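J.: Starting off with a structure, shown below.
The values are calculated or read from the model by the stated rules, or taken from the named source; none is laboratory data. Note that the coordinates shown come from a computational prediction; the quantities given were computed from them, not determined experimentally. No Cβ is skipped: glycine too gets one built from the backbone with ideal geometry, and neighbour counts run over all protein chains shown.
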Amino acid sequence: MAAKQDVAKQEPTEVQTKAREEDFVVRPAVDIFEDANAITVQAEMPGVSRDRLNVKADRNSLLIEGEAAIDMPAGMEALYADVQSTRYGRSFVLSGELEPDKIEANLKDGVLTVRIPKRAELRPRKIEVRAG
């Protein structure tokens, strides 16, 4: 017969709870479009201001990070919130046909738009045909 053991349930400490909250990052919903000249990434990041946004690119990756600022009116505190994390993060692998040095980013109404141009030598071009 197995001996019965009492296991005390240990509540997480404040430090452990804070660490879990800091580790939780929301992946923003994105739409990706391609045309002849570029790839455009649109990421939904409501509540993120330009100064709390970080967009980094190197030769083969794009990193998007942001933190929403949820301001409470003075004297009020939230009793319930649907938003569990205010941190956003997403990364993408970039193709060699793109030019990360010429990336442009724009934030408007909670939507981040990142335009990544294709290398000029890889863009389609029209060939002029001469008669005669």
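J.: Right, residue 94: touching a Pro at 6+ places or on another chain (Cβ under 7 Å) and without any contact (Cβ under 8 Å) to a residue 40 or more places away in the chain or not?
T.: So residue 94 fits the description; yes.
J.: Across segment 60-95, which residue is surrounded by the fewest Cβ atoms within 10 Å (Cβ to Cβ) among those that are in contact with a helix residue (DSSP H, G or I) (Cβ under 9 Å, 6 or more places away or on another chain) and within 18 Å of residue 35 (Cβ to Cβ)?
T.: It comes out as 94.
J.: Against the definition (modelled with pLDDT under 90 and of a type in the set (Ser, Thr, Tyr)), how does residue 113 come out, yes or no?
T.: No: the conditions fail for residue 113.
J.: Would you please name the residue that is surrounded by the most Cβ atoms within 10 Å (Cβ to Cβ), looking only at residues in segment 96-132 that are on the phi < 0 side of the Ramachandran plot and of a type in the set (Asp, Glu)?
T.: By that ranking, first place goes to 99.
J.: How about segment 88-118: which of its residues are part of a strand (DSSP E or B) and over 25 Å from residue 59 (Cα atoms)?
T.: 108
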